[in-house]
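The values are calculated or read from the model by the stated rules, or taken from the named source; none is laboratory data. Since we're looking at a predicted model, the values are computed, not measured. In this analysis, Cβ positions are derived from the backbone assuming ideal geometry, glycine residues included, and neighbour counts consider all displayed protein chains. Calculation scope for accessible area: heavy atoms of the full protein, side chains included, ligands and nucleic acids excluded. Shrake-Rupley method; radii C 1.70, N 1.55, O 1.52, S 1.80 Å.
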Amino acid sequence: PRHAARTLWYDRPRYVYLEFCVEDSRDVKVVIEDQRLVFSCRNADGVEFYNEINLYARVNSKDSQDKRSDRSITCFVRKWKEKEAWPRITKENIKPAWLSVDFDNWRDWEGDEEVERAMVEQYAEV
């Protein structure tokens, strides 16, 4: 039987990041399409993992990549429209049990830009 890998995600101005939490992964396959991401692998015990995500918005599959570590596989998915916040990672407004926001890496970057602009204006006045 296939299991869904526990997945964390967070949003940035140019990329959406997904981390599939599988230790000692083998046979890793990541397919990034314009509106969909498919992930599969096995762990050291031979357990098969499979996740399929219909993405919230279109992405640039050719400028997206993934990186494997001992503990997880991280995908850097390039947004088609930069600087547009994604309220969720999935196209459908449902949250699978295996999917969570990565609050350690989450930032409200729209607010960051305003803070940055305010700082620049403050320095301009000095």
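Conditions (1) under 16 Å from D11 (Cα atoms); (2) open to solvent by less than 30 Å² (accessible area, probe 1.4 Å); (3) out of contact with any Lys or Arg (no Cβ under 6 Å at 6 or more places or on another chain), marked per residue:
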{"site": "I73", "(1), (2), (3)": "no, yes, yes"}
{"site": "W80", "(1), (2), (3)": "yes, no, no"}
{"site": "A85", "(1), (2), (3)": "yes, no, yes"}
{"site": "E92", "(1), (2), (3)": "no, no, yes"}
Top-ranked residue of segment 1-14 - restricted to ones that are over 15 Å from E52 (Cα atoms) and assigned to a loop (DSSP other than H, G, I, E, B), ranked as most open to solvent (accessible area, probe 1.4 Å): P1
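Can you find a residue that is of a type in the set (V, I, T), crowded, with 19+ Cβ neighbours inside 10 Å and either over 15 Å from T90 (Cβ atoms) or under 12 Å from the mean Cα position of the chain (by Cα) (or both) anywhere in segment 33-48?
no
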Kindly evaluate Y17 against the criterion of being at pLDDT 95 or above, of a type in the set (S, T, Y), open to solvent by 60 Å² or more (accessible area, probe 1.4 Å) and assigned to a strand (DSSP E or B). no
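For the condition without any contact (Cβ under 8 Å) to a residue 24 or more places away in the chain and out of contact with any Pro (no Cβ under 6 Å at 6 or more places or on another chain), what is the one hit in V47, V30, V38? Even if it seems obvious, please write down each step before you answer.
Values: V47 fails: without any contact (Cβ under 8 Å) to a residue 24 or more places away in the chain; V30 fails: without any contact (Cβ under 8 Å) to a residue 24 or more places away in the chain.
Checking each option against the conditions leaves just V38.
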Condition first: more than 22 Å from N54 (Cα to Cα), modelled with pLDDT of 60 or more and assigned to a loop (DSSP other than H, G, I, E, B). Now tell me which residues in segment 106-126 satisfy that. R107, D108
